[in-house]
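Engineer: Starting off with a structure, shown below.
The values are calculated or read from the model by the stated rules, or taken from the named source; none is laboratory data. Quick caveat, the model's predicted, so the values are computed rather than measured. Glycine also receives a Cβ, built like all others from the backbone with ideal geometry; neighbour counts cover every protein chain displayed.
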Amino acid sequence: MEPSPIREAIADAARAVILPEGIGNLTCTGYVPDAISGPHFFCGEYTVDYDKAMGRGLDVVELTCRVLVGRADDRASQRILDSLLAGSGPSSLKTAIEAARGAPGDYALGGLAHDLHVMRMQGYRWYEHNGVDYVGAELMIKIIGEG
């Protein structure tokens, strides 16, 4: 599995979230951007466990993604973040990303991987990104596919 197409496909899937009225759209990138306009989702660290099956048959990727929300109003920002981190619903990143798994029997991410799963949320806290503070969190995504 090549990292760049996987990361871009995850960002494309995340764009499907529907934020509450008046918030605008979630911007998404498959890479760590220099600067962002919140709310923003991006793919960060990428680790690979190679050779989980013989003959380069399977690799397992753990992708760390971040979602950052501007902090003009602390309470409102955290409500937006909470809706993005919900386990289900139209604003749920988990729901949007896991929809890219495809139908049963199909490959995930348009054929780029065998399967994926949003495993957990972690690091709900204040983040500094390019000198600007945001409230945010990380999503850990497990992706499996051919080596």
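Engineer: Considering the range 100-128 alone, what residues qualify as being closer than 17 Å to Leu63 by Cβ and either surrounded by fewer than 12 Cβ atoms within 10 Å (Cβ to Cβ) or among the charged types (D, E, K, R) (or both)?
Structural biologist: Arg101, Asp115, Arg120, Gln122
Engineer: Give the range 104-147 a look and list any residue that's in contact with an Asp or Glu (Cβ under 9 Å, 6 or more places away or on another chain) and in a loop (DSSP other than H, G, I, E, B), or say none.
Structural biologist: If the condition is that a residue be in contact with an Asp or Glu (Cβ under 9 Å, 6 or more places away or on another chain) and in a loop (DSSP other than H, G, I, E, B), then Tyr107, Leu112, His114, Asn130, Glu146, Gly147 are the ones that fit.
Engineer: Here's something else I'd like to know. Consider the range 72-91. How many of its residues are surrounded by fewer than 19 Cβ atoms within 10 Å (Cβ to Cβ) and not in a helix (DSSP H, G or I)?
Structural biologist: Total meeting the criteria: 7.
Engineer: Same structure, new question: For the range 5-23, name all the residues that are assigned to a loop (DSSP other than H, G, I, E, B) and free of Cβ contacts under 8 Å to residues at least 60 places away in the same chain.
Structural biologist: Of everything in the range 5-23, those that are assigned to a loop (DSSP other than H, G, I, E, B) and free of Cβ contacts under 8 Å to residues at least 60 places away in the same chain turn out to be Glu21, Gly22, Ile23.
Engineer: Could you give me the residue pairs with C-beta distances under 9 Å whose first residue belongs to the range 90-102 and is of a type in the set (Val, Ile, Thr), whose second residue is in a helix (DSSP H, G or I) wherever it lies, and which are 6+ apart or on separate chains?
Structural biologist: Ile97/Ile10; Ile97/Ala13; Ile97/Ala14
Engineer: While we're looking at this one, here's another question. Say whether the condition of being of a type outside the set (Ser, Thr, Tyr), at positive phi and out of contact with any strand residue (DSSP E or B) (no Cβ under 7 Å at 6 or more places or on another chain) is met by at least one residue in the range 28-47.
Structural biologist: No, that holds for no residue.
Engineer: Further, regarding this structure: For Ala113, state whether it is in contact with a Gly (Cβ under 6 Å, 6 or more places away or on another chain) and of a type in the set (Gly, Ala, Ser).
Structural biologist: yes
Engineer: Which condition does Met1 not pass, out of (1) closer than 16 Å to Ala113 by Cβ; (2) at pLDDT 95 or above; (3) surrounded by 13 or more Cβ atoms within 10 Å (Cβ to Cβ), if it passes all the others?
Structural biologist: With respect to (1) closer than 16 Å to Ala113 by Cβ; (2) at pLDDT 95 or above; (3) surrounded by 13 or more Cβ atoms within 10 Å (Cβ to Cβ), Met1 is out only on (2).
Engineer: Would you check which residues across the range 46-68 are over 17 Å from Met140 (Cβ atoms) and in a strand (DSSP E or B) and list them?
Structural biologist: Once the filter is applied, which keeps residues that are over 17 Å from Met140 (Cβ atoms) and in a strand (DSSP E or B), the range 46-68 yields Tyr50, Asp51, Lys52, Ala53, Leu58.
Engineer: Looking at Val61, Val32 in this structure, which one is farther than 20 Å from Asp115 by Cα, surrounded by 13 or more Cβ atoms within 10 Å (Cβ to Cβ) and at pLDDT 95 or above?
Structural biologist: When all the criteria are applied, what remains is Val32.
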